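The next block holds one structure in the form of structure tokens; read it before the comments.
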Amino acid sequence: MSEHIEARGIVKTFSVRGSRAPVRAVNGVDIVIPRGRTLGLVGESGSGKSTVGRCLLRLLEPTEGTVRHGEHDVLAMKPETLRRHRARAAMVFQDPYESLNPRMRIRSVVEEPLMLHTDLEPSARRRRAAELMRLVRLEEFHLDRFPHELSGGQLQRIGIARALATDPEFLVLDEPTSSLDLSVRAGVLRLLKRLQRELGITFLFISHDLTTVAAMSDEVAVMYLGTVIEKGPAAEVLGNPQHPYSQALLSAALSVDPEGRRVRHVLEGETPSPVDLPPGCPLASRCPLVRNDCRLAVPPLFEVSEGHGAACVRVPEGTNVLPAVGPVPIVTAS
Amino acid sequence: MALLSIKDLRVHIATPNGTAHALNGVSLDVDEHEIVGLIGETGAGKSLTAWSVLGLLGPRARVVEGTAEFEGTDLVSMSERRRRRLRGKDVAVIVQNPRGALDPLRSVGRQIAETNRRHRGAGRKAAKENAIRALRDVGISDPARRAKAFAHQLSGGMAQRVLIALAMINEPKLIIADEPTTGLDLTVQAQILDLLRARVDATGSAVLLITHDLGVVANYCDRVAVMFAGRIVEQGTIAQIFGNPRHPYTQALVKASRETLDETVSEETDRSEPPNLVDLPSGCHYRFRCPLAADVCATPVPEVEVGGGHRALCHFPGDAARDPGAAASVRAETVERVGP
Ligand SMILES: Nc1ncnc2c1ncn2[C@@H]1O[C@H](COP(=O)(O)OP(=O)(O)O)[C@@H](O)[C@H]1O
Ligand SMILES: Nc1ncnc2c1ncn2[C@@H]1O[C@H](COP(=O)(O)OP(=O)(O)O)[C@@H](O)[C@H]1O
Ligand code: SF4
Ligand code: SF4
Ligand SMILES: [Mg+2]
Ligand SMILES: [Mg+2]
């Protein structure tokens, strides 16, 4: 198999001051992405998406698990090997304003990874910076500007240029368009797609926006409370969700072209905190379909169809469909 | 008469680089029974519009012109004392950062009960019961226990619901909500917006809903106003704005919301710099980014009524739409591109 990125059994806990029990941010996650493909990672804020992304790049040390990048065992790397590995894999962050130093000129922002991870001469770095600007469709004069002189969309292109500086083969894109205005979002997404096609890069695309994930991903994994509760081909997971949480999530997504009435699946209450997780299905405290065996152990992914699995004990017997509430009338269309 | 009627509102902000012209003549009505969406890119002036109306502008910002009449009385020139009495009673606010808006030293139940006593004269016991009912209404399970919690003990979604309970407890006629569901889980967002909508339909109250999510607008609003550089550049019903946008900026937004990422579309250089509010271009503020810009666009822009209350601020408000046949074919094309 040509799996490019393969992580198994990732667990990440954080100890927090004033609490004896650690936060279990990621609780046994597998991530497999073939070369040149995109895995979309969705889930609500706090479900552990960013932590998974950082573990794959070893920006965080996983508490348990393995991470392979091609033939490399990422977690076994010694510091010098890891430094060189950093040229192979990079991250694009959500908020371009926050992730860039406001006093640094754009040129330094883009050239910094070249200084850190390569031995390029200053003249070669300048040439590469100019090349990167063309790649992300910005005019070269922007290199001499400061971050506050650019729009959010332009700054995110700079974030992408910086991540691409060392010609990496794997990118973790952590909500790269979530803080962008709609008028520039599509441009950035289209840019990412083209870069992937031209450069053959593998993407982990993290987002809580289902429309964006649908447009970008080959496969999708849905996270809830530190576990992947469903995964499979994007069209399958987003079009035919099987886990009760995925069903509720997708039924709450709002189309810009609503069709009069929509059916909704409602989950009451709130996501529990990832401290002192009870054993068993993470949704058990909110799931209207809960029964005794849900609380015994974290359910494995049960196969729904080829490559599509959902971690709900009711999947094998087909009783996993949430009752619909509604249809909810849409009031507009006047 | 509209419940809220904003007329030609202009706000200046003192900055180290000079005076920022942040609001440049905002006019907008909100009627009873309706939710009006206010959309536009970051920095367009959406929050500033809300704060001007509520009298909550910071020290460096100042309303230099315009009125905002609530039930016929101007809020801008009203004394702060009267305005404060109105806020929390007939006009309520829901802000984006709920934890910052709650008092860290009083339990959430006490905060809600106290505003109910102060503004509606409820007795101690009744106010406490009202607070618990309000918490239940916003979908908080075990509200009697939750009422005893303090702001820092709540998750973001829970704190946002508490803020909504706080805003609704006195049955305000107008709610101004600034990105009330940004950052919340979709399942929680749906609960909260359903609640707002049900409240508006049942009581005749009104909501000015600031958001950047066109899905929220299309599903929950009656009308929508689009802002750019401190002006409303287009407003109309949901059907008008989504079905037949006339301003080039709105057209770009609506198109982006249905983007299918067709890679055959040619990629141009990104020229989306925000306009400099200290030195705005003459005429149309959008002209440096507008694909239709012509010489005339440097002259004052007319607000054009394009039919049925649908208005656009543009010299060329949707050329295609001048001829109904052409408009229909543009729409058909859009539908085809987007698919069923
Ligand atoms: N450095 C940290 N210390 C303590 N808790 C953390 C830290 N980073 C993340 N967490 C917690 O781990 C959980 C998952 O966080 P995160 O991966 O950021 O989620 P997401 O990206 O899906 O929003 C959250 O409960 C968060 O509060
Ligand atoms: N207190 C302030 N000082 C200086 N500038 C401000 C202040 N408040 C708002 N602004 C500026 O006014 C403009 C409009 O801001 P805002 O209303 O917050 O926009 P929006 O809510 O549409 O994103 C922005 O350019 C912002 O930087
Ligand atoms: S395993 Fe049980 S609690 Fe979890 S989603 Fe399935 S039915 Fe609900
Ligand atoms: S007035 Fe001119 S520049 Fe402004 S939006 Fe209309 S066509 Fe474009
Ligand atoms: Mg995150
Ligand atoms: Mg704002």
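The values are calculated or read from the model by the stated rules, or taken from the named source; none is laboratory data. Just so you know, these numbers come straight off a predicted model, no measurement behind them. Virtual Cβ from ideal backbone geometry, glycine too; neighbours counted across all protein chains shown.
Per this entry, A:Val42 is not counted among residues that are away from ligand 3 (no atom under 16 Å from the Cβ), more than 14 Å from chain B (Cβ to nearest Cβ) and among the β-branched types (Val, Ile, Thr). Residues that are over 19 Å from B:Glu268 (Cβ atoms), in a helix (DSSP H, G or I) and not hydroxyl-bearing (Ser, Thr, Tyr) within the range A:115-139 comprise A:Met115, A:Leu116, A:His117, A:Pro122, A:Ala124, A:Arg125, A:Arg126, A:Arg127, A:Arg128, A:Ala129, listed in sequence order. Counting only residues that are within 14 Å of another protein chain (Cβ to nearest Cβ), over 11 Å from the mean Cα position of the chain (by Cα) and either in a strand (DSSP E or B) or within 16 Å of ligand 5 (Cβ to nearest atom) (or both), the range B:16-35 holds 1 of them. The strands (runs of 3 or more DSSP E) found wholly in the range B:194-253 include none carrying at least 1 residues that are under 15 Å from the mean Cα position of the chain (by Cα), acidic (Asp, Glu) and within 12 Å of another protein chain (Cβ to nearest Cβ). Return the pairs, sorted by first residue and then second, in which the second residue is within 16 Å of ligand 6 (Cβ to nearest atom) and modelled with pLDDT of 85 or more, the first residue lies in the range A:89-101 and is under 30 Å from A:His72 (Cα atoms) and within 14 Å of chain B (Cβ to nearest Cβ), the beta carbons are less than 6 Å apart, and the residues are 6+ apart or on different chains. Pairs that qualify, where the first residue is under 30 Å from A:His72 (Cα atoms) and within 14 Å of chain B (Cβ to nearest Cβ) and the partner is within 16 Å of ligand 6 (Cβ to nearest atom) and modelled with pLDDT of 85 or more, are A:Gln94/A:Ser178. Regarding the range A:46-59, can at least one residue be identified that is more than 14 Å from chain B (Cβ to nearest Cβ) and more than 16 Å from ligand 5 (Cβ to nearest atom)? Yes, the conditions are met somewhere in the range A:46-59. Specify the residue that is nearest to A:Ser207 (Cα to Cα); the eligible residues are those in the range A:166-175 that are within 16 Å of ligand 5 (Cβ to nearest atom) and more than 14 Å from every other protein chain (Cβ to nearest Cβ). So the residue we want is A:Asp174.
Does B:Ile164 meet the test of being away from chain A (no Cβ under 11 Å) and within 16 Å of ligand 6 (Cβ to nearest atom)?
Taking the combined requirement at face value, the residue does not satisfy it.
Those strands (runs of 3 or more DSSP E) of the range A:218-299 in which at least 2 residues are surrounded by 15 or more Cβ atoms within 10 Å (Cβ to Cβ) and more than 10 Å from chain B (Cβ to nearest Cβ), considering only elements entirely within it, cover A:219-224, A:227-233.
Quick one: how many residues across the range A:149-180 are of a type in the set (Ser, Thr, Tyr), away from ligand 2 (no atom under 16 Å from the Cβ) and more than 15 Å from the chain's Cα centre (by Cα)? Even if it seems obvious, please write down each step before you answer.
Looking only at the range A:149-180, we keep the residues that are of a type in the set (Ser, Thr, Tyr), and these are A:151, A:166, A:177-179.
The next check asks that each one be away from ligand 2 (no atom under 16 Å from the Cβ); those that pass are A:166, A:177.
The next check asks that each one be more than 15 Å from the chain's Cα centre (by Cα); those that pass are A:166.
Within the range A:149-180, residues that are of a type in the set (Ser, Thr, Tyr), away from ligand 2 (no atom under 16 Å from the Cβ) and more than 15 Å from the chain's Cα centre (by Cα) number 1.
Per the listing A:Glu175, A:Glu236, A:Glu198, the residue uniquely within 27 Å of A:Thr63 (Cβ to Cβ) and acidic (Asp, Glu) is A:Glu175.
Taking the range B:135-184 as the range and being outside any helix (DSSP H, G or I) and either under 16 Å from B:Ala202 (Cβ atoms) or within 16 Å of ligand 3 (Cβ to nearest atom) (or both) as the test, the residues that pass are B:Val138, B:Ile169, B:Asn170, B:Glu171, B:Pro172, B:Lys173, B:Leu174, B:Ile175.
Cβ-Cβ contacts under 7 Å between residues 6 or more apart (or on different chains), taken from a first residue in the range B:4-18 that is more than 15 Å from B:Trp51 (Cα to Cα) to a second residue that is modelled with pLDDT under 95 and surrounded by fewer than 13 Cβ atoms within 10 Å (Cβ to Cβ), are listed as B:Ala14/B:Arg60. Against the list (1) away from chain A (no Cβ under 14 Å); (2) in contact with a Pro (Cβ under 8 Å, 6 or more places away or on another chain), the condition B:Ala294 fails is (2). Screening A:Ser183 against (1) away from ligand 2 (no atom under 16 Å from the Cβ); (2) at negative phi; (3) touching a helix residue (DSSP H, G or I) at 6+ places or on another chain (Cβ under 9 Å) leaves a single unmet condition, (1). When restricted to residues that are assigned to a helix (DSSP H, G or I) and within 19 Å of A:Ile5 (Cβ to Cβ), the range A:86-114 contains 0.
Out of A:His148, A:His142, which single residue is exposed (fewer than 13 other Cβ atoms within 10 Å of the Cβ) and either in a helix (DSSP H, G or I) or in contact with a strand residue (DSSP E or B) (Cβ under 9 Å, 6 or more places away or on another chain) (or both)? Result: A:His148 is the single residue among A:His148, A:His142 that is exposed (fewer than 13 other Cβ atoms within 10 Å of the Cβ) and either in a helix (DSSP H, G or I) or in contact with a strand residue (DSSP E or B) (Cβ under 9 Å, 6 or more places away or on another chain) (or both).
Yes/no per residue for (1) modelled with pLDDT of 95 or more; (2) in a helix (DSSP H, G or I); (3) within 16 Å of ligand 1 (Cβ to nearest atom):
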{"position": "B:His285", "(1), (2), (3)": "yes, no, no"}
{"position": "B:Pro291", "(1), (2), (3)": "no, no, no"}
{"position": "B:Val296", "(1), (2), (3)": "yes, yes, no"}
{"position": "B:Val301", "(1), (2), (3)": "yes, no, no"}
{"position": "B:Ala328", "(1), (2), (3)": "no, yes, no"}
{"position": "B:Ala332", "(1), (2), (3)": "no, yes, no"}
{"position": "B:Arg337", "(1), (2), (3)": "no, yes, no"}
{"position": "B:Pro340", "(1), (2), (3)": "no, no, no"}
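Name the residue that is farthest from the other protein chains (Cβ to nearest Cβ), counting only residues in the range A:192-209 that are crowded, with 22+ Cβ neighbours inside 10 Å and over 19 Å from A:Gly70 (Cα atoms). Within the range A:192-209, the match that is farthest from the other protein chains (Cβ to nearest Cβ) is A:Ile206. Filtered by the rule that a residue be buried (at least 20 other Cβ atoms within 10 Å of the Cβ) and more than 17 Å from B:Glu71 (Cα to Cα), the range B:25-35 gives a lone residue, B:Val26. Whether any residue in the range A:170-179 is within 16 Å of ligand 6 (Cβ to nearest atom), assigned by TED's automatic domain parsing to the domain that holds A:Ile33 and in contact with a helix residue (DSSP H, G or I) (Cβ under 9 Å, 6 or more places away or on another chain) is what I want to check. Yes, the range A:170-179 contains at least one residue that is within 16 Å of ligand 6 (Cβ to nearest atom), assigned by TED's automatic domain parsing to the domain that holds A:Ile33 and in contact with a helix residue (DSSP H, G or I) (Cβ under 9 Å, 6 or more places away or on another chain). Take the conditions (1) free of Cβ contacts under 8 Å to residues at least 60 places away in the same chain; (2) surrounded by 16 or more Cβ atoms within 10 Å (Cβ to Cβ); (3) more than 14 Å from A:Met223 (Cα to Cα); A:Leu57 misses just one of them, which is (1).
Please list, ordered by residue number, the helices (runs of 4 or more DSSP H) wholly in the range B:36-134 having 1 or more residues that are within 14 Å of chain A (Cβ to nearest Cβ) and within 15 Å of ligand 2 (Cβ to nearest atom).
Details: elements: B:46-54, B:80-86, B:98-101, B:108-120.
Those helices (runs of 4 or more DSSP H) span B:46-54.
When A:Arg68 is tested against (1) in contact with a helix residue (DSSP H, G or I) (Cβ under 8 Å, 6 or more places away or on another chain); (2) among the basic types (Lys, Arg); (3) crowded, with 21+ Cβ neighbours inside 10 Å, only condition (3) is not met.
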